[in-house]
Amino acid sequence: MSKTKFILGCFDDPDNMMQGITNLQKNSVPIYDVYTPMPIHGIEAKMGVKDSRLGYAAFCFGCLGATVIFSIVYYTLVHDWPQNIGGKPSFAMPDFVPFTFEWTILFTAFGMTITFFAATHLFPGRAPRVMDLRATDDRFIIAVDAKGNIPHDDITNLLKEAGAVEVKHNERKYVSYE
Amino acid sequence: MAHHHESIIREPLMTGKDMTYARITNEILLPVENKPNKAWWIGFVVSALGALLWVVSISLTFWYGLGEWGLNKTVGWAWDITGFVWWVGIGHAGTLISAVLLIFGQNWRNSINRSAEAMTIFAVICAATYIVAHMGRPWLAYFTLPLPNQYGSLWVNWNSALMMDVFAISTYFSVSLLFWYTGLLPDIASIRDRAKGLRRRIYSILSFGWTGSLKTWQRFETVSLILAGISTPLVLSVHTIVSFDFATSLEPGWHTTIFPPYFVAGAIFSGFAMVQTLLLVTRKVLGLENYITMFHIESMNKIIMLTGSIVGVAYITEFFIAWYSQVEYEQYAFINRATGPYWWAYWSMMSCNVISPQLFWSSKLRRSIPFSWALSIVVNIGMWFERFVIIVTSLHRDYIPSSWAMFYPTWVDVGVFIGSIGVFFTLFLLFIRVLPSVAIAEVKLLLKTASEQAKMKQIKEGHLEPAEVQYYKESLTKYDSVDMADYEKV
């Protein structure tokens, strides 16, 4: 039995890589993932990846930030220690606006980005799960799980037909970092 | 593929023959992966000496108190707040480039956003040091936070614009840092995957385990777009709130409603000038001529010209309103600015900020690198004078003539200011050594769409309107990084 775990189609051009995806899809070869040095526009639709829901998270965090700071300002300025400043009302709403605005932005930014890091498993010190070291440089990589797929040579040919500069049959999933 | 083609009449955003993805990575990482050259060391030593002056001046200020500065009973704000507003303003260009230009789909931002954002962060650090130093007792800085305390609790004054400043500046700094660092992740991963040994370990930790997988990029782009969307109103709010520090007071010359838009325009103006100051040198020293092209330089000069004109209109409007309001204190404040003892500061401001940017109507000057660089320095000086004029000339003569006074800086005042420039440049020089000064991943996006090479291919393939090709070739003549001989035969 072949020891190959992953087949990597390495392309030097994003358009050829897209062609590689088309070729694999036409032959019903499931694609494990795609690693690229830059974002590829239009790939989500092609791969059937659903829209990111981070926007909803961002909105919720924004609402939270606005509520938290509005409550703090209200509690301190109006409820806990109201002051008579020239007979003007303590509940001076216009003064609340800058604080509410700033914390809406602050909570949106940090809440959303931390959600992104958590969902994508990004954090300082995480061992990089890298399949090919050039995927962050000049190679556009299509990774195919070798297990249970059609004959590996056919996959190689499909990728080569699309213009892959190299097809690797890797016995390890990730490039070791140690 | 057809959808990649951009109209031929648009100028290329990246020049150079035989550009490949690998070459982009190599060229941008050159300063990060190699020992620094002599120019860097000279710059670093000079900047570090400046930073040392800052350490000495700030230490004296903390040790002996604000008496080390030239402040007096009449002029209670001078070089410190001038420096603070100057630095915050400079920071604004980075956010404008990274956020506003992203929303408007201006792809020329791709090659300048990284260093401009870095500049934002370092400028805001410099600004924040002024706020803390100005407190006099910096160890009590936490008094600005609404923390429960044993005085009641006696809370912070939410009605104060200075309190709004605390929230605006801290949010601005932390969100800018987050935006910048998130954008850096893919590029740190590029360094990591090429490095060996300890370097690889360090960049591995910093890269957060970035892999560039499909879903990661998709989420990354969503996050970038939303961060850009929220940073845009944020950057406008920050300088609006900084202007509230003045506008909510009853001081003649400060108490005006024009301040927020006028300050924001001035901030963008000074920020772009600082971007020019830094990038024109960086481009040359790091050999980034193919990425930061004449198109970028000219576009930034156009923004400098536009915002300089807005600032000019604001200056004139202030004068007009002082006359139109018929408030004699307001009128005196402005007449005093132009003709009083600080007339030289006022006219320095006017000539540097209003008159000199108008020279950019000439395309020849706009495309001259030495001229652009010199003018960027002039604008930086002018914008410092603007804040000095607003702050000191308003304070030194207000309602009670018996309290009128002049402000004379001490060497500590000067040391803190010159020193903060040293701190800024030290941080910037360290940044270009350890992190990529151009966003590698974003520049790679331009290779097949907006590069000179892609357009050359389009021309060679034919099927283009000859008049449009001619127009394109003529637009290339301004680039210092394009060899026009290549276009004679095609």
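Pairs of Lys residues in chain A are counted when their Cα atoms are under 26 angstrom apart and they lie 8 or more places apart or on different chains; the count is 28. Of the residues A:PRO37, A:ILE69, A:ILE85, the one whose Cα sits farthest toward the positive end of the charge dipole of region A:18-113, with +1 on the Cβ of Lys and Arg and -1 on the Cβ of Asp and Glu, is A:PRO37. Residue by residue along A:74-87, Cβ atoms of other protein chains within 10 Å of the local Cβ number 2 on average. Under a model in which nothing but the beta-carbon of Lys, Arg (+1) and Asp, Glu (-1) is charged, region B:57-171 shows a dipole of about 80 debye around its Cα centre.
Net length available on complete extension from B:LYS38 to B:LYS489 is 158.3 nm, with 0.36 nm assigned per residue and the Cα-Cα distance removed.
Taking the Cα centre of the protein assembly as shown as origin and assigning +1 to Lys and Arg Cβ atoms and -1 to Asp and Glu Cβ atoms, the resulting dipole is close to 1460 debye.
Counting charges near B:ILE131 (Lys, Arg +1; Asp, Glu -1) among other residues having Cβ under 11 Å from its Cβ returns a value of -3. Take the accessible area of chain B alone and of chain A alone, subtract that of the pair, and you get about 5700 Å² summed over both chains, using a 1.4 Å probe. Here the calculated FRET efficiency for A:LYS5 and B:GLU328, from their Cβ-Cβ distance with R0 = 60 Å, stands at 0.10, rounded to the nearest 0.05.
Which distance in Å, rounded to a whole number, links the C-alpha centroids of region A:20-47 and region A:55-110? If you average the Cα positions of each part, the centres end up 46 Å apart.
Give, as a single signed number, the net charge of other residues whose beta carbon lies under 10 Å from the beta carbon of A:ALA119, with Lys and Arg counted +1 and Asp and Glu -1.
On the way: positive: A:ARG53, B:LYS215, B:ARG219; negative: none.
Net charge in that neighbourhood comes out at +3.
Label zone of B:THR339 (point 7 Å out along Cα→Cβ, amide N under 20 Å): in region B:304-324 this covers B:315-324. For region B:231-295 and region A:126-157, compute the distance between their C-alpha centroids and round to whole Å. Using only Cα atoms, the two centres lie 46 Å from each other.
May I have the convex hull volume per residue, in Å³, for the Cα set of chain B?
On the way: hull volume 86.2 nm³, N = 490.
Normalising the Cα hull of chain B by residue number yields 176 Å³.
Quick check: with the 1.4 Å probe, what order do B:GLU27, B:GLU488, B:GLU461 take by accessible area, largest first? Show your work: numbers first, answer last.
Values: B:GLU27 45, B:GLU488 150, B:GLU461 95 Å².
Greatest to least solvent exposure: B:GLU488, B:GLU461, B:GLU27.
Arranged from highest to lowest average of other beta-carbon atoms within 10 Å per residue, in what order do the peptides A:59-66, B:42-49 appear? Show your work: numbers first, answer last.
Values: A:59-66: 17.8, B:42-49: 15.1.
So the peptides A:59-66, B:42-49, ranked by packing, come out A:59-66, B:42-49.
Take every pair of alpha-carbon atoms less than 8 Å apart whose residues are at least six positions apart; their mean separation over the length of region B:9-130 yields a relative contact order of 23 percent.
Taking the mean number of other Cβ atoms within 10 Å as a proxy for protection, how do you rank B:448-458, B:464-474 from highest to lowest? Intermediate results must be reported in sequence, preceding the final value.
Numbers: B:448-458: 18.9, B:464-474: 13.1.
Averaged packing, sorted descending, gives the order B:448-458, B:464-474.
Under the simplified labelling scheme, the A:LYS160-B:LYS473 pair shows an inter-label distance of 4.3 nm, with each label point 7 Å from Cα along Cα→Cβ. Partner shielding of A:100-108 amounts to 6, given as the average count of beta-carbon atoms from other chains within 10 Å of each residue beta-carbon. Normalised by 2.2 N^0.38 Å, where N counts its residues, the alpha-carbon radius of gyration of the protein assembly as shown equals 1.06. If you restrict to DSSP beta bridges whose two residues both lie in the protein assembly as shown, what percentage is antiparallel, to the nearest 5? In the protein assembly as shown, DSSP labels about 95 percent of beta bridges as antiparallel. Protection proxy ranking, highest mean first, for peptides B:240-251, B:15-26: B:240-251, B:15-26, where packing is the per-residue count of other beta-carbon atoms within 10 Å, averaged.
Quick check for me: using +1 on Lys/Arg Cβ and -1 on Asp/Glu Cβ, what's the dipole size of chain B about its Cα centre, in debye to the nearest 20?
Numbers: 35 positive and 32 negative charges, 311 e Å.
Taking the Cα centre of chain B as origin, the dipole is about 1500 debye.
Rounded, prolate or oblate for region A:116-167? Axes are the square roots of the Cα gyration tensor eigenvalues, ordered a ≥ b ≥ c, and the cut-off for rounded is a/c under 1.5. Please report the intermediate quantities before stating the final value.
Numbers: a/c = 3.22, a/b = 1.89, b/c = 1.71.
The shape class here is prolate.
The Cα atoms of region B:261-346 give a gyration tensor whose axes a ≥ b ≥ c have a/c of 1.5 or more with a/b greater than b/c, which makes the shape prolate.
Taking all Cα pairs closer than 8 Å and separated by 6 or more residues, the relative contact order of region B:313-458 comes to 18 percent.
For chain B, return all DSSP H helices satisfying: extent of Cα atoms along own axis at least 24 Å; mean Kyte-Doolittle hydropathy at least -0.5. Span-like helices in chain B: B:38-64, B:79-95, B:113-134, B:161-194, B:214-247, B:259-285, B:294-325, B:369-388, B:411-434.
Its relative contact order, with pairs defined as Cα atoms under 8 Å and 6+ residues apart, puts chain B at 34 percent. Neighbouring Cβ atoms from other chains, within 10 Å of the Cβ of residues in B:173-180, number 3 on average. Between region B:388-465 and region B:193-229, the C-alpha centres lie 26 angstrom from each other. Work out the charge dipole of chain B with +1 on the Cβ of Lys and Arg and -1 on the Cβ of Asp and Glu about the Cα centre, then indicate which of B:ALA467, B:TYR342, B:SER243 is farthest towards its positive end. Most positive-ward Cα: B:ALA467.
Counted residue by residue at 0.36 nm each, then reduced by the alpha carbon distance between them, the extension gain from A:VAL175 to A:SER90 reaches 24.3 nm.
Loop-located trypsin sites (Lys or Arg not before Pro) in region A:85-178 (DSSP state other than H, G, I, E, B) with a sparse environment of at most 14 neighbouring Cβ atoms within 10 Å: A:LYS147, A:ARG172, A:LYS173. What value, in deg cm²/dmol to 500, does the helix sum -39500 (n - 2.57) over DSSP H runs of n ≥ 4 give at 222 nm once divided by the residues of chain B? Taking each H run of at least 4 residues, the total per residue is -21500 deg cm²/dmol.
The values are calculated or read from the model by the stated rules, or taken from the named source; none is laboratory data. Since this is a predicted model, take the numbers as computed values, not measurements. Cβ sites come from the backbone with ideal geometry, for glycine too, and all protein chains shown count toward neighbours. Surface accessibility is based on the protein's heavy atoms, side chains included, excluding ligands, DNA and RNA. Shrake-Rupley method; radii C 1.70, N 1.55, O 1.52, S 1.80 Å.
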